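Let me begin by presenting the structure, written as structure tokens, before commenting on it.
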Amino acid sequence: MKICVIGTGYVGLVVGTCLSEMGNNVICVDNNLQKIEQLKDGIIPIYEPGLEELVKSNVSENRLIFTTDIKYAVENSLICYIAVGTPQKEDGSADLSSVYKVAEDIGRYINNYKVIVDKSTVPIGTAEKLTELIKSKTKYEFDVISNPEFLKQGAAVEDFLKPDRIIIGSNSSKATEIMQELYAPFLRTGNPIITMDVKSAEMTKYASNSFLALKVSFANEIANICEQIGADAEMVRKGMCADKRIGAQFLFAGLGYGGSCFPKDIQALIKTAKDNNCNYDILQAADNVNRNQRQLFINKIINKYENNLKDKTFGIWGLSFKPKTSDMREAPSITIINELLKLDAKIQCYDPKAMDNAKKIFKNRIQYSQNAYEAIKDADALLLLTEWNEFRRPDFEKVKLLLKQPIIFDGRNQYNSKKLIELGFEYYSIGKNPNKKETKN
Ligand code: NAD
């Protein structure tokens, strides 16, 4: 099938590449010329496991091309995906200006029947508005459908190629059939394609992300209570997760969720609830707990140094909002580093893939290291902020030698507190207080 994907970001590039991998002809469009030039030169602007190989092989097979020419892309496609960003506005709602701009362009350039697929996460009712907007620009027939995306950054290719489910919100059987045919190769394991009305599909995305965010915040609230009462949140998690009704995912205590989706999507759903006079207590609570979680971690550091961080140096491992991505949007590291800088601390940092993004954010306010060990050299403490695999089993003897003081603040509960305390570390994690408990025994 002939497809264009408009918006070649974290979602659009993965969607376009994976659709071309299944034999479709895909045109990826972006209005960021530099990004398109890079892609044409074989440079992948984001890190996503497995993506680079797939882009290169599909480009070499002439199934995947990159352009800034949206007219050419629309004219030569049956299916037009909208995959541009929908960032949060000040009032919490989603900024749809890029979505509307693309819809207008599509309307202007339609030359025969098109299925217009909304992949961006958009408020309920947006597909209807897009239909009106495009109708005002063209006399050609088209359908707008909602096809929310559930991929996880860090496993995006795998998730897109083998989705748990595909949601199609459509009021047109013609468009639904085209989409069913397109996605059939992705569902060979028997996972479902669920068709529904457009509004329900739009809501499914917000409800899913908000529920996952809620699980994270629930785990963090329980962990904070554990820490105060002397229980071990990690053992509590294991005990809870053995119950199939609860499940094992998204219940790890830590610094809370970040990224470009959960924080903004929960805000957008709160705004929708407010606008429709609905209650949103649970959504608000999830958001509040998440914000507080970062501050609690900062407080641990401040308390340890009795409110005086002047000239203290912190070696930071991990900057991206989660492992296996270069993305730093809404990363806890940003809040934590900014707070520490405000208190006159010095920062040395290392991340396997997010250093370029970090430089754009922090500029020369912090020091960038070549590797993990360099980042902690002569630091007063190590702060683990993102649980990349390479930080999971460090040489702790070396860590101890490099640090000025053997102190670790572990924002992701990665290390064995007993072992670290035996090795002579002072160890702070989330959801238990090993220093207090272990030294008593
Ligand atoms: P992104 O910012 O990485 O990518 C958006 C791209 O669209 C950018 O490259 C930008 O240059 C381009 N763009 C903006 N306006 C354009 C225009 N008028 N014409 C052409 N290109 C334009 O965003 P993303 O993370 O890929 O997210 C895209 C959408 O998918 C959002 O609505 C997001 O909520 C949703 N989503 C994201 C994820 C995720 O994990 N990132 C997962 C599921 C859904």
Q.
Are there helices (runs of 4 or more DSSP H) fully within the stretch 137-243 with at least 1 residues that are in contact (Cβ under 8 Å) with a residue 12 or more places away in the chain, under 20 Å from LEU283 (Cβ atoms) and away from the ligand (no atom under 16 Å from the Cβ)? List them.
A. 198-229
Q: Tell me, yes or no, whether the stretch 250-263 has at least one residue that is without any contact (Cβ under 8 Å) to a residue 40 or more places away in the chain and either within 27 Å of TYR415 (Cβ to Cβ) or not assigned by TED's automatic domain parsing to the domain that holds ALA83 (or both).
A: yes
Q: Test VAL117 against the criterion of being within 11 Å of the ligand (Cβ to nearest atom), in contact (Cβ under 8 Å) with a residue 60 or more places away in the chain, buried (at least 19 other Cβ atoms within 10 Å of the Cβ) and under 19 Å from ASN147 (Cα atoms), and give yes or no.
A: no
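Yes or no: GLU397 farther than 22 Å from PRO323 by Cβ, surrounded by fewer than 18 Cβ atoms within 10 Å (Cβ to Cβ), in the same structural domain as ASN303 (by TED's automatic domain parsing) and of a type outside the set (Val, Ile, Thr)?
Working: farther than 22 Å from PRO323 by Cβ: yes; surrounded by fewer than 18 Cβ atoms within 10 Å (Cβ to Cβ): yes; in the same structural domain as ASN303 (by TED's automatic domain parsing): yes; of a type outside the set (Val, Ile, Thr): yes.
Considered against the rule, which asks whether it is farther than 22 Å from PRO323 by Cβ, surrounded by fewer than 18 Cβ atoms within 10 Å (Cβ to Cβ), in the same structural domain as ASN303 (by TED's automatic domain parsing) and of a type outside the set (Val, Ile, Thr), GLU397 comes out as yes.
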Q | Among (1) under 17 Å from ASN24 (Cα atoms); (2) in a loop (DSSP other than H, G, I, E, B) - the single one ILE44 does not satisfy | A | (1)
Q. Quick one: which of ILE36, ILE44 is within 19 Å of LYS101 (Cβ to Cβ), within 16 Å of the ligand (Cβ to nearest atom), of a type in the set (A, V, I, L, M, F, W, C) and surrounded by fewer than 23 Cβ atoms within 10 Å (Cβ to Cβ)?
A. ILE36
(Q) Return the residues of the stretch 250-273 that are within 16 Å of the ligand (Cβ to nearest atom) and either under 24 Å from TRP317 (Cβ atoms) or outside any helix (DSSP H, G or I) (or both); say none if nothing qualifies. (A) PHE250, TYR257, GLY258, GLY259, SER260, CYS261, PHE262, PRO263
**Q.** Qualifying position, being more than 19 Å from the chain's Cα centre (by Cα), in contact (Cβ under 8 Å) with a residue 12 or more places away in the chain and within 17 Å of GLY411 (Cα to Cα), among GLU390, GLU397, GLU374
**A.** GLU390
Q | Residues (in a loop (DSSP other than H, G, I, E, B), more than 23 Å from the chain's Cα centre (by Cα) and within 9 Å of the ligand (Cβ to nearest atom)) located in the stretch 55-106 | A | THR68
Q: Can you give me the number of residues within the stretch 417-431 that are part of a loop (DSSP other than H, G, I, E, B) and surrounded by 14 or more Cβ atoms within 10 Å (Cβ to Cβ)?
A: 5
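The values are calculated or read from the model by the stated rules, or taken from the named source; none is laboratory data. Here the structure is a predicted model, which is why all the values come from computation and not from measurement. Heads up, the Cβs are rebuilt from the backbone with ideal geometry, glycines too, and the neighbour counts pull from every protein chain shown.
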